[in-house]
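The values are calculated or read from the model by the stated rules, or taken from the named source; none is laboratory data. All values derive from a computational prediction rather than experimental measurement. Positions of Cβ are backbone-derived with ideal geometry, glycine not excepted, and every protein chain shown enters the neighbour counts.
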Amino acid sequence: MEKIFGYIKSNKFYLLGFFVLFLVLLINSFPKGYVFSGGDTSQFIEMKNNLRGLFYNWQGKAVIYYSIFYLLDILNVSNSMQLSWYLGLFIVGSYISFGIFSKLVFNTSDRTRSLASLFYALNLYTLFVFTGNSSFSYYPSLYIFIPALSGFFIKFITTENNLYGVFFVLVVLLGSSGFANVAFVLSFFIFLIIIFLAFAVLGIVKIKRMLFFRLFMLGVFSFLISAYWILPVIPEIKNGVEKLRSSDILEFNYIIRHVTSPLMNTLSMTYPSGDYFPDNFPYENIYFFKKIIMMLAFLPVAIIFFGLSRLRLFEEKAKKYFLSFGIIMIVVAMIIAKVTPPFEIINHYIFSIWGMETLRGFDKTAIYFPFILSSLLLITLSQRENKKWLTVLMIIALLLPLPFYLGKIQQNMSYRFSGASPRNKDFRKSKLSFIVKIPDEYYKIRENINNDSEKVFIATLPYTSNDGSGISNFPKWKMYGTDITQYLYNKTLLPGNAGYFPDWNFAQAFNDKDDIDNQWIAKLLGMMDVKYIIYHKDSPDDSVLNSQAKIKKLENEGRIIKINDNDYFALYEIKRDYRIPYISWQNDSTQITGLTRIDERLDKIRNNSQGALFKEINPKKFEVQWNKDMIGKTLVIAETYDPNWKAYAVSKNGKEKEISGHILARGYANGWQMDDAGIDYSNIDHILIEFYPTRLLIRGLYMSFATALFLLAYLLIYYYGKKRNAQKNQI
Amino acid sequence: MVKKEMLKKIRSKFALDSIFVVGVVFMGLFLHWKIAEIVIFTFFIWIILNPIPSSYPAAGAIFFLILTPIFLISGNAIIADQIAIYAYYFLIMAVIMGIYELKKEKEEMNQ
């Protein structure tokens with residue numbers, strides 16, 4: 001008991017910080033019945049039904065993060081309440097993580113640690129994150145782990161004690177969801193290099209051959225423990241970078257010039273576009289405060305500059321660490337600035353290096369800046385503890401993200417309302433919102449769809465205006481982003497706005513084609529193994545106007561059968577004759593290339609196809625029955641073409657051989673022609689179709705698990721040895 | 001005699017530094033830099049050749065940092081942006097001077 005009181009007494013300010021965070025959470029609770037969806041991320045609802053799918057579809061990425069929400073879902077924590085958990089995990093996690101960093105690297109007084117950790121958790125950058133659209137997902141979770149990872153890394157390179165390396169690697173595992181966007185791996189790697197070089201310049205790190213060996217081993221163990229998500233990513237990295245370079249959705253040269261943060265914004269931690277606080281200011285009654293906050297946004301950096309001007313009064317260690325972080329700040333600010341003055345030339349060359357284009361987004365590099373500032377503030381405050389006014393300034397700096405303390409960050413502060421006048425910044429008045437209420441009608445059709453055991457897809461129509469990335473647009477309930485209703489059903493959703501055929505969007509063609517005879521759409525969707533169509537009446541009026549009569553005609557002709565009809569959508573089932581099963585055999589290689597002779601081609605494909613008998617081992621692996629009649633035919637799986645889908649001929653003695661001749665089938669899908677001269681077709685037992693990254697995922701899982709076990713065993717042996725030595729010394 | 005030689009040394013260092021500085025000015029003019037940038041860069045080169053306490057450039061950084069939001073809220077975002085860049089330049093100078101001071105302190109301690 002005495003120990004507990006002693007701990008509370010010596011950590012009272014740090015514990016008080018948790019209370020502040022709790023109040024922030026309380027005041028920012030989310031309205032009951034609402035969920036978060038907008039832009040290219042949405043809240044993962046119904047996690048207890050979706051975690052398995054997420055594990056396979058995302059190849060293990062982010063599964064650790066979402067396991068928490070899986071547990072919450074099992075405990076019947078509502079989706080609205082889970083939003084507070086996203087915020088809570090982020091700010092409390094960041095607070096603890098910075099506390100760990102402070103204890104490890106620069107142990108200060110309780111008050112200073114609390115202030116700097118609070119600054120790391122609640123600042124204009126974290127407010128930017130939580131008023132934007134990526135906040136209620138795994139996406140920004142790296143932020144939580146940056147201080148702990150940096151702390152263990154710094155301790156490792158300065159002390160060369162393996163123990164810190166072990167903790168670093170274990171935190172890499174814990175925070176692996178933050179690396180689900182691989183660009184963060186690169187940016188974090190660069191960040192560690194900058195830390196290392198800065199510490200080397202200041203002589204904090206002694207450059208020795210042995211240190212490089214240790215760093216190499218740290219890299220090896222970090223790779224091994226991350227193998228479960230890194231291995232599946234490897235086949236996709238090259239394609240991904242090339243896609244980014246040639247992407248017509250986000251033209252690279254445009255982005256590199258426009259997703260930049262001039263030094264003024266970086267130093268004040270404000271987002272340059274003006275869509276976020278304090279530019280986006282929702283408080284009508286205290287509007288004069290906007291300019292004050294814009295001025296005070298520079299206060300944290302001013303405190304740091306003050307520290308720099310008093311450097312001679314610092315202790316030697318503080319001086320060295322302060323200057324190291326000063327170097328890191330200079331370099332990171334330069335990278336964040338991209339091609340804005342005065343870095344146009346140098347950053348043009350840096351971002352032209354292969355792979356660096358993945359860091360085009362603001363957050364890929366800016367995510368590190370709050371940590372750098374917090375560290376410099378920590379050192380400054382620790383060295384000037386007797387200056388009460390400095391503490392007062394620090395408390396003012398903590399109040400800068402005002403909306404965190406006034407509450408309702410998504411209800412009235414969202415990026416969605418940035419263009420509205422202060423009185424109209426309200427999720428109830430706004431045309432679009434990130435927090436939306438899924439209409440009950442979407443829940444009511446779950447029984448119809450989820451009780452169906454067939455392996456089929458759900459397509460959505462009509463095509464609607466969107467930003468080109470395929471996101472959905474349902475203005476009737478203010479939703480504009482990734483279709484969150486997809487998580488309600490146990491069948492994969494094929495949103496009409498997304499592209500499946502190269503250079504052709506069938507849903508758009510369905511809207512645009514004036515011809516009322518559109519039976520091809522039912523046949524086409526049937527060919528794609530779509531059983532259900534959700535026709536969205538909640539889409540923009542022009543989209544409904546262009547398509548409703550055509551859908552009605554298909555219904556009247558019996559090509560689609562209405563199952564449910566309400567104000568938001570109509571649910572249809574496609575006529576059975578039109579449907580080709582998920583895995584099928586096709587006698588020919590007819591392709592769909594847009595609307596050219598589409599009816600004729602669809603009929604031909606249907607007549608030449610027959611369902612295959614298959615067993616689903618997991619959502620990305622299927623065992624297909626084989627018989628000799630199939631020689632010369634094409635095996636087709638109704639998944640969008642990806643070179644990573646592989647088919648293997650499994651012989652009677654269990655040996656696998658990859659079938660070559662992977663082709664684009666039916667204009668969009670994966671097909672394998674059964675005429676590979678290297679295969680002994682008489683000896684085939686069955687055919688295995690597998691998404692190759694999933695195979696790597698399973699192998700990676702074993703590697704990660706074995707590495708984690710090894711490191712935990714190391715820790716056990718270490719502590720057991722330490723305890724034994726302590727006992728020996730006592731004797 | 002010794003004094004004379006010292007004086008000569010100082011004079012020749014000053015002359016060499018001045019040549020450097022003039023070279024920097026010409027380089028700035030040749031590259032069409034703005035006057036303020038030439039002045040700051042010249043100052044930067046000068047203090048590398050003749051180090052000053054880090055608190056001086058740090059004070060410069062604070063000065064420009066205070067000016068930045070003043071220009072920003074008065075509607076001169078472009079000027080504010082430019083001044084923030086000057087603050088950044090002075091930050092670089094202060095950090096370099098800080099590192100120099102630290103090395104010098106260490107050398108003095110070793111002696």
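Could you please give the count of residues in region A:266-275 that are among the small types (G, A, S) and away from chain B (no Cβ under 11 Å)? Of the residues in that region, 1 qualify.
Might you let me know whether region A:101-112 holds any residue that is buried (at least 24 other Cβ atoms within 10 Å of the Cβ), of a type in the set (D, E, K, R) and more than 24 Å from A:F189 (Cβ to Cβ)?
No - not one qualifying residue is present in region A:101-112.
For region A:289-298, indicate whether the set of residues that are assigned to a helix (DSSP H, G or I), of a type in the set (G, A, S), within 13 Å of chain B (Cβ to nearest Cβ) and under 29 Å from A:K319 (Cβ atoms) is non-empty. Among the residues of region A:289-298, not one is assigned to a helix (DSSP H, G or I), of a type in the set (G, A, S), within 13 Å of chain B (Cβ to nearest Cβ) and under 29 Å from A:K319 (Cβ atoms), which makes the answer no. In the condition set (1) touching a strand residue (DSSP E or B) at 6+ places or on another chain (Cβ under 9 Å); (2) surrounded by fewer than 21 Cβ atoms within 10 Å (Cβ to Cβ); (3) β-branched (V, I, T), A:I659 is compliant with all but (2).
Among the residues making up region A:502-542, those that are of a type in the set (S, T, N, Q) and either over 36 Å from the mean Cα position of the chain (by Cα) or surrounded by 23 or more Cβ atoms within 10 Å (Cβ to Cβ) (or both) are A:N518, A:Q519, A:S539.
Just so you know, in region A:312-331 the residues that are more than 7 Å from chain B (Cβ to nearest Cβ), surrounded by 24 or more Cβ atoms within 10 Å (Cβ to Cβ) and of a type in the set (A, V, I, L, M, F, W, C) include one that is farthest from A:F371 (Cα to Cα), and it is A:F322. Could you please let me know if A:S539 is assigned by TED's automatic domain parsing to the domain that holds A:S465, of a type in the set (S, T, N, Q) and in a loop (DSSP other than H, G, I, E, B)? So A:S539 passes the test.
Checked against (1) in a helix (DSSP H, G or I); (2) within 14 Å of chain B (Cβ to nearest Cβ); (3) in contact (Cβ under 8 Å) with a residue 12 or more places away in the chain; (4) not basic (K, R), A:S382 passes all but a single condition, namely (2). Scanning region A:504-512 for residues that are part of a loop (DSSP other than H, G, I, E, B) and either at pLDDT below 95 or assigned by TED's automatic domain parsing to the domain that holds A:L602 (or both) turns up at least one hit. Evaluate the following for A:I679: is it aliphatic (A, V, I, L, M), out of contact with any Ser or Thr (no Cβ under 7 Å at 6 or more places or on another chain) and closer than 29 Å to A:W58 by Cβ? No: the conditions fail for A:I679. Restricting A:K431, A:K478, A:K444 to those that are on the phi > 0 side of the Ramachandran plot and out of contact with any Asp or Glu (no Cβ under 9 Å at 6 or more places or on another chain) reduces the list to A:K478. Among the residues of region A:441-490, just one is under 15 Å from A:R416 (Cβ atoms) and among the acidic types (D, E), namely A:D467.
Take B:L7 and tell me if it is within 14 Å of chain A (Cβ to nearest Cβ), without any contact (Cβ under 8 Å) to a residue 40 or more places away in the chain and either in a helix (DSSP H, G or I) or hydroxyl-bearing (S, T, Y) (or both). The answer is no for B:L7.
Here is a check on your reading of the model: is A:T391 more than 18 Å from A:L122 (Cα to Cα) and either of a type in the set (V, I, T) or in a helix (DSSP H, G or I) (or both)? In short, no.
Just one of (1) assigned to a helix (DSSP H, G or I); (2) out of contact with any Ser or Thr (no Cβ under 8 Å at 6 or more places or on another chain); (3) buried (at least 19 other Cβ atoms within 10 Å of the Cβ) fails for A:P282. It is (1).
Does A:G355 satisfy being farther than 30 Å from A:N564 by Cβ, within 22 Å of the chain's Cα centre (by Cα) and in contact (Cβ under 8 Å) with a residue 12 or more places away in the chain?
yes
Please enumerate the residues belonging to region A:198-221 that are in a helix (DSSP H, G or I) and in contact (Cβ under 8 Å) with a residue 40 or more places away in the chain. The answer is A:A198, A:F199, A:V201, A:M210, A:L211, A:R214, A:L215, A:M217, A:L218, A:F221. Tallying residues that are among the β-branched types (V, I, T) and more than 18 Å from A:L296 (Cβ to Cβ) within region A:374-406 yields 1. So which residues in region A:640-668 are in contact (Cβ under 8 Å) with a residue 40 or more places away in the chain and not in a loop (DSSP other than H, G, I, E, B)? Within region A:640-668, A:T640, A:W645, A:K646, A:A647, A:Y648, A:I663, A:L664, A:A665 meet the criteria.
Summed over region A:299-311, residues that are free of Cβ contacts under 8 Å to residues at least 12 places away in the same chain and either more than 7 Å from every other protein chain (Cβ to nearest Cβ) or in contact with a His (Cβ under 7 Å, 6 or more places away or on another chain) (or both) total 0. In this structure, is A:P278 at pLDDT below 95 and within 14 Å of chain B (Cβ to nearest Cβ)? Against the criterion (at pLDDT below 95 and within 14 Å of chain B (Cβ to nearest Cβ)), A:P278 qualifies.
Against the conditions (1) at pLDDT 95 or above; (2) within 39 Å of the chain's Cα centre (by Cα), A:G594 satisfies every one except (1).
Out of all the residues in region A:348-355, is one or more in the same structural domain as A:S102 (by TED's automatic domain parsing), within 15 Å of A:S150 (Cα to Cα) and either of a type in the set (A, V, I, L, M, F, W, C) or in contact with a strand residue (DSSP E or B) (Cβ under 6 Å, 6 or more places away or on another chain) (or both)?
No; the residues of region A:348-355 include none that is in the same structural domain as A:S102 (by TED's automatic domain parsing), within 15 Å of A:S150 (Cα to Cα) and either of a type in the set (A, V, I, L, M, F, W, C) or in contact with a strand residue (DSSP E or B) (Cβ under 6 Å, 6 or more places away or on another chain) (or both).
Against the numbered list (1) within 11 Å of chain B (Cβ to nearest Cβ); (2) surrounded by fewer than 19 Cβ atoms within 10 Å (Cβ to Cβ); (3) in contact with a Leu (Cβ under 7 Å, 6 or more places away or on another chain), A:G355 comes up short only at (1).
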